[in-house]
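Structure first, commentary second.
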Amino acid sequence: MNKFLPGLYLVSTPIGNLDDITLRGLEVLKSSDIILCEDTRRSIKLLNHYKIKKKLISYHKFNEQKELQNIIEYLKEGKILSLISDAGTPTLSDPGLLLVKSCVDNEIKVTPIPGPSSVTASVSVSGFDDKYLFYGFLPKTENELIKILTKLKDIDFSLVFFIPAIKVNFYLKFFKEYFLGRDIFIARELTKIHESFYRDKVSEIKLFKNALKGELTIVLSKIYINDNIKNDDEIIFEAKKYLKKYSLKDVVELISKKEKISKNKIYEICLKIKNEKNIH
């Protein structure tokens, strides 16, 4: 007797090492009537490795609308369907969200089967604060990327992105413009033989000379602040100069971002300058 109830199961699959799949994940796949695959050519490697032979249906971002109703009908018939992506958890930067929403609308049971995640794996070894925002894949075009980075740059949490390795230098150039004052952690080939990590400050990381392959998981630290002002006189001079042209708020923002000094510290300096009436 099948111990799993009819419905849709979102099964997390390995992000590199086939041994990372969970025992429960294997049980669900073996009990499924149909397995929905982002790419059957990639999924078959995992399924063959564990001798799982089931009906496979290709389900990806290019056909999910077309296949949606047929899949809902299978589920209404009382079948067990599993959804797997090429790697990691379905619906997170992968196909499946439309299907889950449709299941909810049709009161069809949806069950998560947790497992490997490049997001949590990367955050866990980054050494950064565990309060993080996961964005997923960043836009490919410059204009769209600028819009997103402008919204994210002042969020004081660790930030997690996916980017194609071949475009790493393209994104690093923008990180250097929008994310100064943060550390960066790059995870490549997670859980695979050639797994490698890169750690640096965003301001100091060098562009890669040789092209990288695959997908990268990027973790940026929360904004770090340096309250130890080494050159008080220079900061005061700079603040006086800017206060002649800009508002106090703009000066605080400008110097804080440029010198990587806390806004509170700059605000105190500017107030002291104003109180001393060094400018009018």
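Numbers below:
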quantity	calculated
Matching residues, region 1-39, being among the aliphatic types (A, V, I, L, M) and loosely packed, with under 15 Cβ neighbours inside 10 Å	Met1, Leu5, Leu18, Leu23
Residue that is surrounded by the fewest Cβ atoms within 10 Å (Cβ to Cβ) [pool: residues in region 256-280 that are modelled with pLDDT of 85 or more and closer than 27 Å to Arg182 by Cβ]	Glu268
Cβ pairs under 9 Å, 6+ apart, first in region 227-243 and modelled with pLDDT under 85, second among the polar types (S, T, N, Q)	Asp227/Ser262; Asp227/Asn264
Considering residues of region 89-105 that are small (Gly, Ala, Ser) and surrounded by fewer than 20 Cβ atoms within 10 Å (Cβ to Cβ) only, the residue nearest to the chain's Cα centre (by Cα)	Ser93
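The values are calculated or read from the model by the stated rules, or taken from the named source; none is laboratory data. Keep in mind the model is a prediction, meaning the values are calculated, not measured. Positions of Cβ are backbone-derived with ideal geometry, glycine not excepted, and every protein chain shown enters the neighbour counts.
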